[in-house]
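Novice: First the structure, then my questions, so here it is.
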Amino acid sequence: MKPDTVRGHLDALILAVLEDTPKHGYAVMEALRQRSGGALDLPTGSLYPAMRRLERAGMVQSEWSTVGGRERRTYSLTDTGRKTLAQERTGWLDFAAIIEGVLRPAR
């Protein structure tokens with residue numbers, strides 16, 4: 001998948017993989033890779049700045065925790081993040097329906 005394809009949707013993707021359980025940064029990358037069937041293999045240079053941006057916006061919160069004997073910053077959704085994710089999902093479904101209508105072959 002082209003990196004530009006994800007542009008504009010990365011925040012929603014991160015929020016979606018944090019919805020169920022808090023995760024540290026590498027686990028977020030792995031969840032994106034796994035849930036996309038390997039199509040989303042984002043570099044850390046894209047992921048970590050986005051996570052910091054989401055934290056500054058109040059959509060995620062972080063805390064230090066020990067994972068596998070190592071200290072890692074673990075991220076979880078806030079109420080604002082959950083509301084934003086719901087809005088992003090609705091917007092995506094509307095957008096996908098519009099694009100599908102245009103790209104579908106004419107009869």
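Novice: Can you tell me the order of 15-27, 66-78 when each peptide is scored by its average per-residue count of other Cβ atoms within 10 angstrom, highest first?
Specialist: Highest-to-lowest ranking by the protection proxy: 15-27, 66-78.
Novice: Return the calculated 222 nm mean residue ellipticity for the chain, to the nearest 500 deg cm²/dmol, obtained by summing -39500 (n - 2.57) across DSSP H runs with n ≥ 4 and dividing by the residue count.
Specialist: When only DSSP H runs of four or more count, the value is -18000 deg cm²/dmol.
Novice: Further, regarding this structure: Need the full-extension length gain, A96 to T44, defined as separation in residues times 0.36 nm minus the C-alpha distance. One decimal, nm. Display every interim value, and only then the final one.
Specialist: Numbers: separation 52, 0.36 × 52 = 18.72 nm, distance 2.76 nm.
Contour length minus Cα-Cα distance gives 16.0 nm.
Novice: Would you mind calculating the relative contact order of the chain from Cα pairs under 8 angstrom and at least 6 residues apart, reporting the percent as a whole number?
Specialist: Once divided by the residue count of the chain, the mean separation gives 27 percent.
Novice: Classify the chain as rounded, prolate or oblate, taking a ≥ b ≥ c as the square roots of the eigenvalues of its Cα gyration tensor: rounded when a/c is under 1.5, otherwise prolate if a/b is larger than b/c and oblate if not.
Specialist: Because a/c hits 1.5 or more and a/b exceeds b/c, the chain counts as prolate.
No lab work stands behind these numbers, since they all come straight from the coordinates. If you're wondering where the values come from, they're calculated on a predicted model, not measured in any experiment. Methodologically, a virtual Cβ is constructed for each residue, glycine included, from the backbone with ideal geometry; neighbour enumeration extends over all protein chains shown.
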